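Heads up, the thing below is written out as structure tokens.
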Amino acid sequence: MLFNFADNIDITLMIVGTISAVANGFAQPLMTLLFGKIINAFGSSDPSDVVKQVSKISLLFVYLAVGSGIASFLQVSCWMVTGERQAARIRSLYLKTILKQDIAFFDTETNTGEVIGRMSGDTILIQDAMGEKVGKFVQLASNFFGGFVIAFIKGWRLAIVLLACIPCVVIVGSFISILMAKMSSRGQVAYAEAGNVVDQTVGAIRTVASFTGEKKAIEKYNSKIKVAYTTTVQQGIISGLGMGTLLLIIFCTYGLAMWYGSKLVIEKGYNGGTVMTVIISLMTVVHQGKIVERGTHNELTVDPYGAYSQLIRLQEGEKEDEGSSKLEVDTVDNLNIDSHMARFSTQQRTSFASRTSSASLQHSQSLRGLSGQIEADIEQGQPDNKKKPKRVSILRLAKLNKPEVPVILLGTIAALVHGVVFPIFGLLFSSVISMFYKPPEQQRKESRFWSLLYVGLGFVTLAVLPLQNYFFGIAGGKLIERIRSLTFEKIVHQETKWFDDPANSSGAVGARLSTDASTVKSLVGDTLALIVQNISTITAGLIIAFTANWILAFIVLAVSPMVLLQGMVQMKFLKGFSADAKVMYEEASQVANDAVSSIRTVASFCAESKVMDMYRKKCLGPEKQGTRLGLVSGVGFGFSFLALYCTNAFTFYIGSVLVHHGKATFAEVFRVFFSLTMTAIAVSQSTTLAPDTNKAKDSAASIFEILDSKPDIDSSSNEGVTQDTVVGNIELTHVSFNYPTRPHIQIFKDLSLSIPSGKKVYYAPLLLPLPILSILFGFFFAKRFYPSFENQALEVAAAKVKEVPNMELIFRSFIPPSLISEKIDDDQFEDARSEVSRQTLFY
């Protein structure tokens, strides 16, 4: 069913891509065979004959490199191109079918939001399922089975022993995943409560400001984010324990393999090449479970194109189908506004994959009109919001983490130890290879020694990883908590006009506090841990390599960037090469949106074929772009394998030449090779897992833009003259006023008004009271002459006005339960509300 829309070209591409993926998957097991032969050539051959033997095998490496490069290119390019072609065909046929439906179908069965949602959402999932992921699955499957076949053919006894580690890895991985999911859920719930405080406070900011409830809201928000901080630290510990346990199992398995492999060499006639072939074949299968992304649930879901986010969307696809089409019209309003806010508040791309519904064509037209009006208002009233916030220095951000310096230092020490692990692993691995060619008694002693070292290395990793994650989790969690607290405190003390900007509505402010604060954490703790770890890894690898043989180390170091590049491309392959189809097809989706939303007009003029022609024209560019992307990705993926195997061939050939001339020994060649190779692989994988610093810098700029802002009316300021008692005389003298977001509409012009204390002043309903109260409460500045209260400037007296009980009675019915003041009891509240409702005039 998935490939029903494939034509002959697509079928050909899929066949070629599948065959290439199978061939590419078998390339790595074949490499282990050649590696075993290389080991035997170095260990068994006479130094005078080693160059000849190694040259033959190195040439086979080159052949394997060329074949693997071609297969990799065809695998990625064929599947990406056919996936793009079939997805485009499905989009076109879906729109064509929709346009053929009668009008009643659009009134009862579907709506514009659902149609566009399926075209932009479901087709992306279909393209993922029929594109490069199919080739990836075939490649990894053939790699898996190929590794087992090679291992059992070369040494079934050792293969059976090594299989014992796979169930342990699966069990531990599953257990840790379950724990992480539970902790992530707790963290989400904890911050959801804090987000609810933000939504209620910002959504009712006038009420909060009227009753000087800023302090109460800040205290409540801070109490909620403390719970989120605790879950962040716990997630770090669990993540570290999980990764440490997995590495402990793997290192212990290596130790067992070395000990039992030595026993088989002595008693069963195995050789070093056979043992290493079996070990590398099976452990390569285990290592296919690489870490594609690392972080907490909140951090990983920030990036909508990451592997974790894609997995979440795939799992929740059916739920979206059932629930997203039931959104109310007011939810659509919020989404329209929030999407506009996000464009102005941060410079990072945010994807809204929701599918909205409307009751009828009139509803959808009114929503579009509302959205357009909002955008026009923003352009007229708030042009400065389009400016990109200034970048901030990392040093300034680091100062916010200053109280956690001791914790960061402890985490840095743990990261230093963690960075040394893989170079030491390479040292142990190379030392064990030469052990297999020593006399039996010496081999027995050394096998026990090296096996225990592997176990010890595993326990060191188990101790270091949780500590590193724990210490940096504390530092990062405190930074997030501090940023959120300071930002929220600054937000609630902004002048009221700041909240009238749609870019600063409750949804946008909540997104800043949730997403931006979490992203900023990566600039300090995560980046520091990564830098320290990589410096430690590189330093240890270079020391081991140059101590072993400086000549060969220089030569291998010159070609190490190829291995580094290959590691990065492999990690990118696991994440996926495909670009965001939703962005690529944005213009085409707009054509479909206009056609479906105006389906009566399209049907009246029989313009279905014209709409389809326009849609196909808009799709031509993205289709060509997708094809080019497939070809370029295929070239990059193929070149990565070509570079890797050619680098191996070159290194072993140069090593054999040095051994032949007495400039190096068998053990030194592999010590240099594995120390630098493991260093390059570790650095490439950790670098690929590095956070998006550009996105983090944009988030930091967005946060500091708020922290650095200076409101015209600062309710937190204690400057000026205050009075101990208030009588209540109010006077407005020649006041002119208009709302900041409507500068072209005059509300008051030369208004003079005097309100003695204790007097009631009646106004025509809805005309004057709200603007006057807004001025009296200090929400806005009036033009020309400032109003006065008790003969004081209003910005000084506003705090006293907010304490007048009558004002509280008028506004209390608009306050969310979490913000209701406790100054009056329920009976007073009900009486006052009834009185206000009964009156036809507002006073």
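The values are calculated or read from the model by the stated rules, or taken from the named source; none is laboratory data. All of these numbers come straight from a predicted model, not from anything done at the bench. All Cβ positions, glycine included, derive from the backbone under ideal geometry; neighbour counts span all protein chains shown.
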Of the conditions (1) more than 18 Å from residue 499 (Cα to Cα); (2) outside any helix (DSSP H, G or I), residue 186 clears all except one; give me its number.
(2)
I'd like the residue in region 93-113 that is buried (at least 20 other Cβ atoms within 10 Å of the Cβ) and modelled with pLDDT under 80 and, out of all such residues, is farthest from residue 593 (Cα to Cα).
106
Residue pairs qualifying under the 6 Å Cβ cut-off, at least six apart or on distinct chains, with the first in region 449-478 being assigned to a helix (DSSP H, G or I) and the second being acidic (Asp, Glu), are 475/404; 478/404
Is it fair to say residue 633 is among the hydroxyl-bearing types (Ser, Thr, Tyr), closer than 30 Å to residue 206 by Cβ and at pLDDT below 85?
no
Going through 178, 218, 205 one at a time, which residue ends up being β-branched (Val, Ile, Thr), more than 22 Å from residue 472 (Cα to Cα) and without any contact (Cβ under 8 Å) to a residue 40 or more places away in the chain?
178
Tally the residues that are buried (at least 24 other Cβ atoms within 10 Å of the Cβ) and touching a Ser or Thr at 6+ places or on another chain (Cβ under 8 Å), restricting the search to region 72-82.
7
So, of the residues in region 5-37 that are among the small types (Gly, Ala, Ser) and in contact with a Cys (Cβ under 8 Å, 6 or more places away or on another chain), which turns out to be surrounded by the most Cβ atoms within 10 Å (Cβ to Cβ)?
17
Run residue 438 past the list (1) under 34 Å from the mean Cα position of the chain (by Cα); (2) of a type in the set (D, E, K, R); (3) not in a helix (DSSP H, G or I) and report the number of the one that doesn't hold.
(1)
If you check 581, 540, which single one turns out to be modelled with pLDDT of 85 or more and among the hydrophobic types (A, V, I, L, M, F, W, C)?
540
Counting only residues in region 164-200 that are over 28 Å from the mean Cα position of the chain (by Cα) and surrounded by 16 or more Cβ atoms within 10 Å (Cβ to Cβ), the one modelled with the lowest pLDDT is identified as 165
Is there a residue being of a type in the set (Val, Ile, Thr), assigned to a helix (DSSP H, G or I) and buried (at least 24 other Cβ atoms within 10 Å of the Cβ) anywhere in region 496-511?
yes
